[in-house]
Structures are given as C-alpha cells and as structure tokens.
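As structure tokens, the structure follows; a few thoughts come after it.
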Amino acid sequence: MRLQSFGAACTVTGSMHLLTLGGRRILIDCGLFQGSEEMEARNHEPYPFDPADLDAVLLTHAHLDHVGRLPLLVGRGYRGPVYCTPPTAALAETVLLDSARLQVEGYRQEIRRARRQDREHQVLPPLYDEEDVHRTLALLRPVLEFGETTTVGGARVTPHRAGHILGSAYLLLESADGRLLMSGDLGHRGGGLQPDFTPPPPADAVVLETTYANRTHRAWPETLAEFSEALRQSVRAGGKILIPSFAIERAQTILHTLKGLMDSGEVPRIPVFLDSPMAARATRTYSKFGDELGPEVRDALRSGEDPFAPSTLHVVLTPDESQRINKYDAPAIILAGNGMMTGGRIQHHLRHHLWRPATSLIVVSYQSPHSLGGQLVAGVDHVQIMGEDIAVRAQVHTIGGFSAHADQDDLLAFLDTAGSPHVWLVHGEVEAMDAFLPQLAARGLKGDIVPDRQEVDLLGDGFSGGRPPGLILDAAPSDMRLEAGE
Ligand SMILES: [Zn+2]
C-alpha cells in the first residue's frame, strides 16, 4: 500500500495522490495548484508516470484544487474511468468549464501584453480549453453512493459523507494490502449546509487533510450572530453591502442565512443581488441534490420552498446587468465572486462603492494578507483596483467562522472511531502539520508528514519524529490557504 503525492504535500493546493494498492494504480483527486506564480507553474510540470497506465481515478469532491488538473490528465493520455458521487460530477462540470474559460481568457490577455513586449515565446499555453473539459466529463462515472461499496481498479471502495461541500466524500479503500482511509477535505461539524461527516470505520492507515490542524474555529451560532449584527449595522449605514463569495458552498450558505435572517425579521428585507452566473448554476445543483444536505435545508426543499432564495433575490447573469446594479440607488446586498477579490465581478462593485462612507464590505472568506481582500481586512485607506487608486471609506466587517474545513477538534474526532491507524498528513502547511503531530502522539497514534513527490509505504515505519528528511520546519507559510476550498 504505497502513496506518492504530486500536490497537497506540505501545501494546501493541487491535491493529487497516486496510490498503489493490490498491484493497481489509482489516482485520488487531480487538482489544480492555485496561489503564487511559483505554485501555478507546477500545473505545467510533466507527470512522473504515464497517465495511460492508471487503472482508475477517484474524486473526493469538486473543488478546483481537487479536480482542476483532470482535463490535463486526459490531454496527456488518460482514457479510463473517473469515479465520483453524482453531485460531485454535476459540480465538477461547472467548476471545470469555468476554469477552462479563465485559462483561455488569461492566456489571451497575457499573449496580447507579451506581443507588445516582444516576449510571446515566454507565454505558456492554456492548460486546457472547453473541448478538453467535455472530453473529460465524458469519462466521469458518477456511481459512488455514500455507504455503498463499489469495486474500482481491483480495490473495494466505499465513500462516506465528508461534510465539506455538496457531494464531498472520504473514501475507504480495501484490498489484500489492508484498509486505507483517504480523507479528502473534511467539513466543520455543527452547522452550515452539510450534515456532519460520518464517523469512519477502523483502518490500517489514514491519509488526513490538515488545513486547519492547528486552529479551532468559532462555533456556528456565534458566527451567525456576528454576521447578523454586521448586516444590521450595514443596513443602518444606508449604502450598498458588498459580500465577496466563492461560488460553491459559501454562496449557498450566505443565501440561506440571509433568507433565514430576513424571514425572522432580524434583518430588513432589502434587495439581494446574486451577481455570479457560476454561483447561480451551483445553487441549482444544490437544490437538485437537496436530499444530500442537512435536515433543515432538505426539509425546506421537500416542502417546495427554496432555501437559497431570500424573497428579495435577483439573480444577475449578464455583464450588462451586473453594471446596471451600480445605478440602483438604494440599500442592497451584492453577493459576487471571487471570494478573495482577486478578480471577477466583485472588483467593479468595489471600485464603484469602496470610496463611499455608507458602503459596507462584509468579508466571509479567508483572505491572503497580500491580496486586495487582505489589504482591505487590514484596514488600508487606499487600494488599487483595475489600475485605479480608490480611497477606502467603506466600513469593513470580517466574519471568520464560515469555514467549510474541519478544525483541530474535528480532525481528532474523525480519528476517534478509526481504530489505531498510521496517520499520514497531507493538504496542510508545514506549521499546521507540525503542530498536529504531538496531538497524534498523545493519542498513541503514529503520525507522519507526507513528503512531496517521494513514495511512501503507508504501512511502513514512517520517518523519525514524523518528519521526512529535508523538511524545512520553519518555512514561512506560503499563505495561499484555500483559494477555492477555504
Ligand atoms: Zn475542498
């Protein structure tokens, strides 16, 4: 039972794990590297294996950092099945088509600039286009059902609820070699749209995500109270209320929360503009697979109610309509992407409104300190947006507790029912994993950090102190936590 990671090893992005199990080769996730230029350059690296030799690909969930390199894998020769849950297949279509569009648009912009500077030869081609995505979607096998065992590439695979986003699964893989749990991304228990993750069965080894292995999140009720208060203050300020949001899970969580707060009278019914075609599409997928969601949302959908539609909701599709919101001269909530404010329609809303003192910006996602969002959270008085210097007079509210990721307590609770497995840590910054190793030792569990690209025997001895040789422990965190999945 061997594992070789080509992404999400000592970092939180680009999840891609090659598993050798019972003599077969199975790839778990095939995600895009996001964040710094250095990280994104890794997307273009050749694979140290032949994609045509893989027996199967399994997906844990549809976040871009878990599925975004799939079209590239297909472009490089993979023709086999890609197994996932039905909601993951539906969301992956939305995510991959959007990714192809961004790839192609980014390339066109970059090549125009490079031509003017006579350095066209330096521009890397787009990783893939829409056609590549359609070839990839044809390979999806959305046959994985929670709690049901399927034979994949010679191994018995049982997906269980991970509670992270719609359709997210952790996987139990059983073969003659032993029993292995691949955690994918796990959710934060006790709130949000997803039911809590299912307690896992015992296993010989666990490959565990560690995004927030060194933190504890605020409890859901406190987060909701904080969000509600920020909204009331913002409504009193009388201007536009901008909420930058990721299109999957966060947008639906915010829409559902707004509906609840408006229906109960806690927040006045002002217009809500959902200005993101991708979020609108993802929301339809959430409604379609409503039976997978937590009881409150599921029951609302069954009774014919739309839990993602405050009564004042306007869904904005075209760029023209998006521009026209700026002419609407009354308080309103604008929910737009992207979540880190590094691009997307939120940028023109910020440019149009940040200088007005009556505007409120409510930040509900993690912001990298060097991004536009990070600067705004830090309280700067001027920012550069679309090449323009903008004064910041808006009120900025930061709500930190909406994370879709397990915190340290959740991760330890996940291990409670897993027996005495050897725990291999992935999908985390080195500092988070290093802080988690003593927690494992205190529970009598063997823990090791998975090294980048180096093959490990999951049932072997591991490393001295859980740290692969050469690992730099005081490495500054790369700080790109969660472009997509935070
Ligand atoms: Zn994720």
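Condition first: part of a helix (DSSP H, G or I) and surrounded by 21 or more Cβ atoms within 10 Å (Cβ to Cβ). Now tell me which residues in the stretch 231-252 satisfy that. Scanning the stretch 231-252 gives Leu231, Ser234, Arg250, Ala251, Gln252.
For the stretch 168-189, does any single residue satisfy the condition of being surrounded by fewer than 24 Cβ atoms within 10 Å (Cβ to Cβ) and more than 27 Å from Gly22 (Cβ to Cβ)? Scanning the stretch 168-189, I find at least one residue that is surrounded by fewer than 24 Cβ atoms within 10 Å (Cβ to Cβ) and more than 27 Å from Gly22 (Cβ to Cβ), so the answer is yes. Ser311 meets the conditions (1) assigned to a helix (DSSP H, G or I); (2) hydroxyl-bearing (Ser, Thr, Tyr); (3) surrounded by fewer than 17 Cβ atoms within 10 Å (Cβ to Cβ) in every case but one. The failed one is (1).
Among the residues making up the stretch 152-171, those that are within 13 Å of the ligand (Cβ to nearest atom) and either among the β-branched types (Val, Ile, Thr) or touching a helix residue (DSSP H, G or I) at 6+ places or on another chain (Cβ under 6 Å) (or both) are Ile165, Leu166, Gly167. Residues in the stretch 362-376 that are small (Gly, Ala, Ser) and either at pLDDT 95 or above or more than 18 Å from Lys240 (Cβ to Cβ) (or both): Ser365, Ser368, Ser371, Gly374.
The set of residues from the stretch 360-383 being touching a helix residue (DSSP H, G or I) at 6+ places or on another chain (Cβ under 8 Å) and either free of Cβ contacts under 8 Å to residues at least 24 places away in the same chain or not in a helix (DSSP H, G or I) (or both) comprises Ser360, Leu361, Ile362, Val363, Val364, Ser365, Gln367, Ser368, Pro369, Val383. A single member of Glu131, Glu174 is among the acidic types (Asp, Glu), touching a helix residue (DSSP H, G or I) at 6+ places or on another chain (Cβ under 9 Å) and outside any loop (DSSP other than H, G, I, E, B), and it is Glu131.
Considering only residues in the stretch 117-155 that are among the charged types (D, E, K, R) and at pLDDT below 95, the one that is surrounded by the fewest Cβ atoms within 10 Å (Cβ to Cβ) turns out to be Asp118.
The residue of the stretch 172-204 that is farthest from the ligand (Cβ to nearest atom), among those that are in contact (Cβ under 8 Å) with a residue 60 or more places away in the chain and hydroxyl-bearing (Ser, Thr, Tyr), is Ser175. Among the residues of the stretch 68-110, just one is surrounded by fewer than 19 Cβ atoms within 10 Å (Cβ to Cβ) and under 18 Å from Tyr170 (Cα atoms), namely Pro86. The combined condition, being of a type in the set (Gly, Ala, Ser), assigned to a loop (DSSP other than H, G, I, E, B) and without any contact (Cβ under 8 Å) to a residue 40 or more places away in the chain, is not fulfilled by Gly339. A count restricted to the stretch 86-116 and to residues that are in contact (Cβ under 8 Å) with a residue 60 or more places away in the chain and acidic (Asp, Glu) stands at 1.
The values are calculated or read from the model by the stated rules, or taken from the named source; none is laboratory data. From a predicted model like this one, the values you see are computed outputs, not experimental measurements. Cβ: placed from backbone, ideal geometry, glycine included. Neighbour counts: every protein chain shown.
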